[in-house]
1. Here is a list of conditions, (1) surrounded by fewer than 20 Cβ atoms within 10 Å (Cβ to Cβ); (2) more than 23 Å from Ile49 (Cβ to Cβ); (3) modelled with pLDDT of 95 or more, and His119 meets all of them except one; can you say which number that is?
2. Mind listing just one residue for me: the one in the stretch 338-376 that is among the hydroxyl-bearing types (Ser, Thr, Tyr) and touching a residue at least 24 places away in the same chain (Cβ under 8 Å) and, of those, surrounded by the most Cβ atoms within 10 Å (Cβ to Cβ)?
3. Under 6 Å by Cβ, and 6 or more places apart or on different chains, what pairs join a residue from the stretch 266-285 that is over 18 Å from Glu58 (Cα atoms) with one that is among the polar types (S, T, N, Q)?
4. Considering only residues that are hydrophobic (A, V, I, L, M, F, W, C) and in contact with a strand residue (DSSP E or B) (Cβ under 9 Å, 6 or more places away or on another chain), which ones fall in the stretch 276-295?
5. So for the stretch 301-319 (the condition being part of a helix (DSSP H, G or I), among the hydroxyl-bearing types (Ser, Thr, Tyr), modelled with pLDDT under 95 and farther than 30 Å from Tyr99 by Cα), does at least one residue qualify?
6. For the stretch 32-85, how many residues are exposed (fewer than 15 other Cβ atoms within 10 Å of the Cβ), assigned to a helix (DSSP H, G or I) and among the basic types (Lys, Arg)?
7. Among the residues of the stretch 274-287, are any closer than 21 Å to Tyr99 by Cβ and of a type outside the set (D, E, K, R)?
Amino acid sequence: MVLPRYKSLAFASALALSGALFSVPAYAENLEEAVVSALNYHPSVEAAIANRDAYIEERSEQWADYFPTLNVRATGGRAFGDNSTSRGLQVTRNSTYSYLWEGALTLTQPIFDGYETQHRVEAAQSRRESANFNIVDVREKLALSTVVSYMDVLRAREALSRLGKHGDKIADYQGRISKMVEEGAADETLLSQAQDIRAQLDNTLANLEGQIRKSHAKYEELVGRFPAEEMDRPVPRLDLIPEDVNDALEYARAHHPMLRAAYYTEAAVLEDAEAEKQFYYPDVNGELSYLKRDQAEEIGGEVIDAKAVVRLNWDISTAGGQFARVRKNLQRHNESKAQRSETERQIIRDIRIAYGELETAKDQIKVLRERVRINEDLFKNY
């Protein structure tokens, strides 16, 4: 799978924040396998694809309105007639009963519908394009979530392992402090501090075990299985992250699938509004029809009726309902424009926050490394 550049930036950022924390096992499950598994089997992708396929069928449905429709009718039963024919042929009464058999075919070809079909087809096509970009967005969000979940599992496991080793050092440190207290070389305060450090470590270990359980559950939800015992550490791609946040913003504005999907949704709603304006014009249809009726002579006898006509139909709402539908769809278009603008602002916000968090994490790594050095010196001195 080839990811767009802006999404690769997010992946690289996630990896970069954790790059210095883990050792690489000789053989392990890798990140690519996890992402591919998530993309192939997660229900959210299947739902997005089904949504796109539904819009494909909707376009076919609207496109079909360009072509003729065939209407077939059949009637059979009994009929009662009291008309000039029955009155002229009956000598005892003016009405009669008869069998009735009737069949009819009507072929109707739309000639002009006020451009409604054209706009409906274009609206369906725009919704299909929007759904295509929605698939891209769903897949990339899923891939990013999988990357984050993968790194969370690695981070929690590595932290638990290192804290376990750190606990051994603290136990040794606590033992030496206890001995110094017994020998009078240190007071009880120092021992209490060592015991407090041990209690804090035990609490941290308990929290980490809870984090591991949560990260495993999240991983299973995304990938469809629990993480393997050994997992490879991905190599950070810092070269994929633009140094300037404005470069990332420019790229996102041009390529982000959520914005592209919103653009096509906006276009579809506008086409819907244009389609509603079809009432400005009459509908013109060409019609070929054939009817054959068989009944008693007393009420008309056999009838054959064949026609080739052009029909004009113009429905006009006297209360302004058609104008209201146009205005309603134009307001929906304004709503979709505002939603697209809101989405763009949210994306810009998220990118700026991500860059800020990246810089903060870099600073925190420096501080944490210094704390490691200080603690190592502390254990050496006692």
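The values are calculated or read from the model by the stated rules, or taken from the named source; none is laboratory data. On a predicted model such as this, the values are computed, not experimentally measured, just so you know. Using ideal geometry, Cβ is built from the backbone for each residue, glycine included, and neighbour counts are taken over all protein chains shown.
1. (1) is the only condition that His119 fails.
2. My answer is Tyr355.
3. Phe279/Gln322; Asp283/Asn313; Asn285/Thr108
4. Val284, Leu288, Leu291
5. no
6. 0
7. no
Results for (1) part of a helix (DSSP H, G or I); (2) at pLDDT below 70; (3) in contact with a Cys (Cβ under 6 Å, 6 or more places away or on another chain); (4) of a type in the set (A, V, I, L, M, F, W, C), shown as yes or no for each residue.
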| site | (1), (2), (3), (4) |
| --- | --- |
| Ala171 | yes, yes, no, yes |
| Ile177 | yes, yes, no, yes |
| Leu190 | yes, yes, no, yes |
| Ala199 | yes, no, no, yes |
| Leu208 | yes, no, no, yes |
| Tyr219 | yes, no, no, no |
